[in-house]
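Notes follow once the structure below has been shown.
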Amino acid sequence: MNKHLKREALWCFKRWTRKPWAAFAGMCRFKIGVLAVTMSIILLATNFSAGAQDVYLDTVRVVGRASSGPPTTPVQSQTHLLVDRKATTPLGNPEQVLRLAPAVDIRERAGKSIQTDIAIRGGSFDQTMVMLNGIDFSDPRTGHQSHSLPVDLDILGDIAVVDYVTQPGALSGAVDFRTAAMWPRYIRARLEGGEWGYGYGNVSGAWNSGDNRLSVLGAGSYRRSDGYRHNTDFWNVNAYTRVVWDSPRAGYFDVQGGFQRREWGSNGFYSLRYPDQFESTLTGLASVRWLRSWGRLRLGVVGSFRQNDDNFQMQRGNPTTIPFNEHTSYSLHGSLVGHYDWKRAGVTSFGAALTYHQMFSTAMGDGNESRRLGSVWLGHRKSWKRLWVSGLATLVMTPYGTDGTFGAEAGWRAGRVVSLKAGATRSMRLPTFTELFYNVATYHPNPNLKPEAAMIYRLQADAVKDVWGATAAVYYRDTKRVIDWEQHPDGDWYSTQLNRLGTVGAELSGRYLTKEGVLRMAVLSYGFTHSDKNVKTGYISKYALDYMHHKVAAVVGVGAGDFTLALTGSYYDRVGSYIAADGEQKGYEPYFLLDGRLAWERREVQVYVDATNLLGTRYYDFGGLPMPGTWVSAGIVLTIK
């Protein structure tokens with residue numbers, strides 16, 4: 001590290017200790033030699049522990065912990081997918097980025113991630129909390145809608161897989177999508193078109209005041225396609241803005257809001273008996289965060305709101321056979337978070353939160369279901385030169401009674417290269433309204449379901465030196481009262497609850513990144529998951545016993561002059577079976593996907609050609625729903641700074 005970088009880092013650290021939010025507001029920014037902004041890779045990088053700084057690739061800047069808001073727990077460990085928004089990799093949306101993470105299982109029902117489920121380490125999509133800048137925006141009705149975030153890859157600076165979340169909803173973990181400007185002031189436009197009538201347009205930009213006190217980020221996009229097979233057409237509109245204001249006296253304010261409108265043909269999405277299903281959703285969300293410090297005390301207040309309207313048609317445009325399903329879900333949340341720095345004794349964290357869920361539906365319960373959740377927590381973290389320990393206890397109040405969750409973590413930095421950490425947490429999640437009340441056609445609910453609970457144990461080792469990095473982790477999750485959908489011989493699905501399910505897994509990843517030579521990047525990752533299937537095998541499981549067993553992902557990028565070529569390859573081996581359209585029970589076959597992007601870039605102009613599924617692999621993320629073959633598109637990006 002050169003002298004200038006050392007001085008910049010020291011100044012940034014001092015500023016961060018005085019104003020924890022200052023780094024995010026743009027006051028601490030410097031480039032790290034080996035992490036050049038021209039790199040074209042989605043990196044796997046793991047934080048040492050909560051309270052450590054997050055290194056974002058694209059700007060490159062060091063962002064204080066407050067960048068995603070006051071943490072709800074001091075024991076969150078995070079695996080970061082550092083997003084390259086220069087788009088020199090063939091990754092057109094956030095879900096494609098997550099496909100490369102060994103811990104994450106992405107399951108799509110059609111192309112371009114128009115309907116996607118996100119699961120972590122053998123869990124289900126309903127067990128995954130989905131956050132935007134640290135705010136939980138998961139859907140209480142169904143996890144199928146939790147990924148409906150109005151953000152595109154161009155404004156995402158980081159995607160984090162978060163462990164050890166003790167708030168209800170993150171039974172197997174959480175995914176946090178984090179927005180960030182690419183430059184202090186810019187406008188960026190993207191146009192892309194391709195096969196099957198595919199079109200995509202995006203405009204994004206940011207403005208930052210000269211003193212870095214005020215920053216504004218905004219984006220809007222439109223995506224559409226005629227569909228790659230019958231009744232898989234779609235269109236999607238996103239709009240999003242985020243305003244950050246840092247006042248020396250009033251404190252730090254972070255306000256965000258977004259809107260999404262989607263429609264898509266759902267050929268066999270939820271039942272192979274109905275190829276003409278159709279769905280449309282309207283999602284709006286907003287949050288405000290305030291932070292203020294008084295000496296050693298730091299307080300934060302967070303408020304958020306999310307509304308999701310869903311119109312589902314079993315037969316598109318024909319309500320006579322099966323009436324259309326209309327669902328509207330609301331989530332209101334408020335929390336108070338505090339931190340007190342005892343100096344040598346460490347930092348104590350405390351807080352309280354209230355959440356209200358309500359759903360109006362033409363196909364669930366009595367049409368008007370609601371519930372309230374409350375929680376209070378107390379935690380502490382103590383750091384030494386190379387060692388840290390932290391713990392948290394949370395009291396959770398729900399309609400099912402009072403329960404407790406907790407988390408604990410200890411870590412050790414063996415030197416400048418290697419760090420080790422171990423953690424344990426007890427997590428939980430409530431049944432969704434769909435699992436409790438959805439009673440239409442081939443689906444039968446269970447209003448007697450109880451909350452799921454899990455104990456999770458994890459060991460991890462990280463090594464980073466110059467252009468090299470590696471991570472190895474093992475985990476075990478013991479889940480009680482597992483909620484699942486089981487398919488009976490008549491073909492109908494029934495909401496049920498298993499007594500217990502044990503899941504063990506391992507994750508390995510290695511990376512090489514440089515701005516020199518022809519080979520610019522190389523990343524290889526592997527994920528292994530195994531669940532105990534002896535709990536019950538007399539039925540076909542839709543989610544709990546249907547998981548990614550082996551997953552391998554690799555990215556290679558080369559460059560010569562203004563040209564770059566990036567290839568991503570991924571291998572998936574899924575456990576589980578399904579009833580095909582012909583009534584025959586089948587198991588999932590392993591498959592391999594190869595994507596590529598050839599790009600040319602000079603100054604403010606970039607031109608690229610994308611090709612997904614280059615080998616034309618026939619594969620299924622969900623049984624009986626064939627995914628697209630080779631899909632070619634081309635685009636251009638213009639930037640004004």
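A short reminder: the numbers here are calculations on the coordinates, not readings from a lab. Since this is a predicted model, take the numbers as computed values, not measurements. For neighbour counting, all protein chains shown are included, and Cβ atoms are generated from backbone atoms with ideal geometry for every residue, glycine included.
A few remarks follow.
- Share of alpha-carbon pairs per 10 Å distance bin for region 495-641, given as whole %: 10, 27, 29, 19, 11, 4, 0
- When the Cα atoms of region 129-281 are aligned to their principal axes, the ranges along those axes come out at 61, 40, 20 Å in descending order.
- FRET efficiency estimate (nearest 0.05) - Cβ-Cβ, SER383 to ARG296, R0 22 angstrom: 0.90
- Within the shell of other residues whose beta carbon sits under 10 angstrom from the beta carbon of PHE433, the net charge comes to -1, with Lys and Arg scored +1 and Asp and Glu -1.
- Stokes-Einstein diffusion of the chain at 25 °C, 0.890 mPa s viscosity, Kirkwood radius from Cα pairs, rounded to a whole number: 98 µm²/s.
- Ascending count of other beta-carbon atoms within 10 Å, so fewest first, for MET314, MET359: MET314, MET359
- Exposure rule at most 11 other beta-carbon atoms within 10 Å, DSSP loop chymotrypsin sites (Phe, Trp or Tyr not before Pro): the chain longest free segment: 1-341
- Rel. contact order, % - alpha carbon contacts under 8 angstrom, at least six apart, region 247-379: 17
- For GLU192, net neighbour charge (Lys/Arg +1, Asp/Glu -1) across residues whose Cβ lies under 10 Å away: +1
- Only Cα pairs under 8 Å and 6+ residues apart enter the sum, and on that basis the relative contact order of region 523-641 stands at 18 percent.
- Shown here for region 123-206: trypsin sites (Lys or Arg not before Pro) in loop regions (DSSP other than H, G, I, E, B) with at most 15 other Cβ atoms within 10 Å, namely ARG185.
- C-alpha center-to-center spacing [region 279-349, region 210-264] in angstrom: 15
- Between region 449-480 and region 151-184, the alpha-carbon centres lie 17 Å apart.
- Region 192-266: trypsin sites (Lys or Arg not before Pro) in DSSP loop, at most 11 other beta carbons within 10 Å: ARG249
- Residue-averaged 222 nm ellipticity for the chain, from DSSP H runs of 4+ at -39500 (n - 2.57), nearest 500: -1000 deg cm²/dmol
- Once C-alpha pairs closer than 8 Å and six or more residues apart are averaged by separation and normalised to the residue number of region 87-215, the relative contact order reads 17 percent.
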